[in-house]
Amino acid sequence: MTFTTPPTAAIAARRQQTQRKLADVQAAIAQLRRESGQLTVTAIARRAAVSSTFLYENPEARALARNAVAATHTRRAQRSTDEHDRIEATWRERALNAEECLTQAHNEIRSQRNRIGELMGQLRDTETAGSGEPTQATAAQNASLKRRVRQLTQEHRELQERLEGCRANLRHADIRIGELEAQLVEQQQGGQAER
């Protein structure tokens, strides 16, 4: 029986080569993070000049790559969520402002209608209390009231148009929020598919 001595030099060289490759993988991950590059197993392998097989078969390399890719997906999802929340907050604020303006407009319109009703009643009282024919002052007041009615009608129309504009903005915001949510879901699903 012959005993062969283990090839210790070859084993040591192999371990040294593996450690060098692991250091290259760590450096590639750090460099890709600094450059905000796409962190995937393939990109890490390409940047570190190692094979994808090495990243999958070596447990330490596999753990480094998996952790780097997972951290990237988490950061990307957080950025997307933050952006979505920021956009949604601005649209929510606009919607609240539009609703407040609408409430103020309705209150003003109601107040003006009440005032017009009071003035019309005073006009009728003046006409019936007089000789039956409107005096020149009453005619002038009547003309003034009619102008005021036209003015209020115009203001009402403008407020209605603003209301429609606000509603259109809200519909646009809802559509945009839906699109952003769909993008977020796609990014999350894409991130899960890469794993």
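Backbone phi angles across region 24-32, fed through the Karplus curve with coefficients 6.51, -1.76 and 1.60 (θ = phi - 60°), yield HN-Hα couplings of 5, 5, 4, 5, 5, 4, 4, 5, 5 Hz in residue order; Gly and Pro are listed as x. Based on the reciprocal of the average 1/r between different C-alpha atoms, the Kirkwood radius for the chain equals 24.3 Å. Stretching H84 away from A137 to a fully extended chain increases their span by 12.8 nm, per 0.36 nm per residue minus the current alpha-carbon distance.
Computed from the coordinates by the stated procedures, all read-outs in this text should not be read as laboratory data. Predicted, not measured: the structure shown is a model, and the values here were computed from it.
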